[in-house]
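Worksheet for the structure shown next.
The values are calculated or read from the model by the stated rules, or taken from the named source; none is laboratory data. Because the structure is predicted, anything quoted here is derived from the model rather than measured. Here Cβ is always computed from backbone atoms with ideal geometry, including for glycine, and neighbour counts include all displayed protein chains.
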Amino acid sequence: MNAVKRKIKILELLKEHESVEVDQLTDLFGISKVTVRGDLDDLERKGMLIRTHGGAMLPENLELVRRLANTLEEHKAEKFAICQAALRMIETGMNIIIDSGSTTVHLAKLVKTMQLTVITNSVLVLQELMNSDMVELLVAGGMLRKPSLSFMGEPASFVFDQIHADILFLGVSGFSIERGITCTNIIEAKTKKHMIRNASKVVLLADSSKLERMFIANVCDWDAIDYFITNELPSDAMKRLAERGVKVILV
């Protein structure tokens, strides 16, 4: 069983029993205590559990745990294919912004060995790249929004206003052909606007499950998007986006 599946199983056990023990997980998975502790430490850094002496327990916000656990595997193949296409846009020496999101984190995994400067507000992207010897990492800190594990607000926006990026890889909660790009938090949307403002090229990364899903906070209209990489899109939608100047890449 690989690390992702182990962590999914750990979260499932936590939902059922509210706590787990290192010895219990060692026997269940047939792995060392060191590996189990590493899995628990990683899940704690992502806010999914609280480490205890000899094990772990659920944090107070059970719904957050459920939501984050689901995003580890949801539409994983589509998200990875989208990020492989995005990778082909990146050249050595570029400055790129990788936004927060369950899709964009896959791109962070793919650029670990490239000589780049990455600017991000994502805790998950930070965790993926912090040990890379090739990537120079600039983190836009601020108020932590736990549901998306992203920093937002004035401090994060200030950082984005001080830099210029060759490409922004934008993550979103939903998109509509008529109404544009949205997310679930107004402050987070404002932070994304600062990213867009300071990038030469904006590339939207979103799988087809987000089509016609609208949320409270407007991020931008399609006029701000240069490329849209997705796994599936109706032909009439592709035509309408092309009329708006958006280059759609299907994977």
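For the reader, a short list of remarks on this structure follows.
- Hits in the stretch 160-216 - residues which are of a type outside the set (A, V, I, L, M), out of contact with any helix residue (DSSP H, G or I) (no Cβ under 7 Å at 6 or more places or on another chain), touching a residue at least 60 places away in the same chain (Cβ under 8 Å) and in a loop (DSSP other than H, G, I, E, B): HIS164
- Matching residues in the stretch 1-18 - criterion: being touching a strand residue (DSSP E or B) at 6+ places or on another chain (Cβ under 9 Å) and surrounded by 15 or more Cβ atoms within 10 Å (Cβ to Cβ): ILE10, LEU13, LEU14
- Residue within the stretch 91-108 that is buried (at least 17 other Cβ atoms within 10 Å of the Cβ), more than 18 Å from HIS75 (Cβ to Cβ), over 11 Å from the mean Cα position of the chain (by Cα) and without any contact (Cβ under 8 Å) to a residue 40 or more places away in the chain present: no
- Residues satisfying the stated conditions in the stretch 27-60, i.e. at pLDDT below 80 and exposed (fewer than 13 other Cβ atoms within 10 Å of the Cβ): HIS53, GLU60
- Selection within the stretch 111-158 - farther than 20 Å from LYS190 by Cα, of a type outside the set (A, V, I, L, M, F, W, C) and part of a helix (DSSP H, G or I): GLN127, GLU128
- Taking the conditions (1) farther than 22 Å from GLY153 by Cα; (2) touching a Lys or Arg at 6+ places or on another chain (Cβ under 9 Å); (3) surrounded by 17 or more Cβ atoms within 10 Å (Cβ to Cβ) in turn, LEU124 satisfies each one other than (1).
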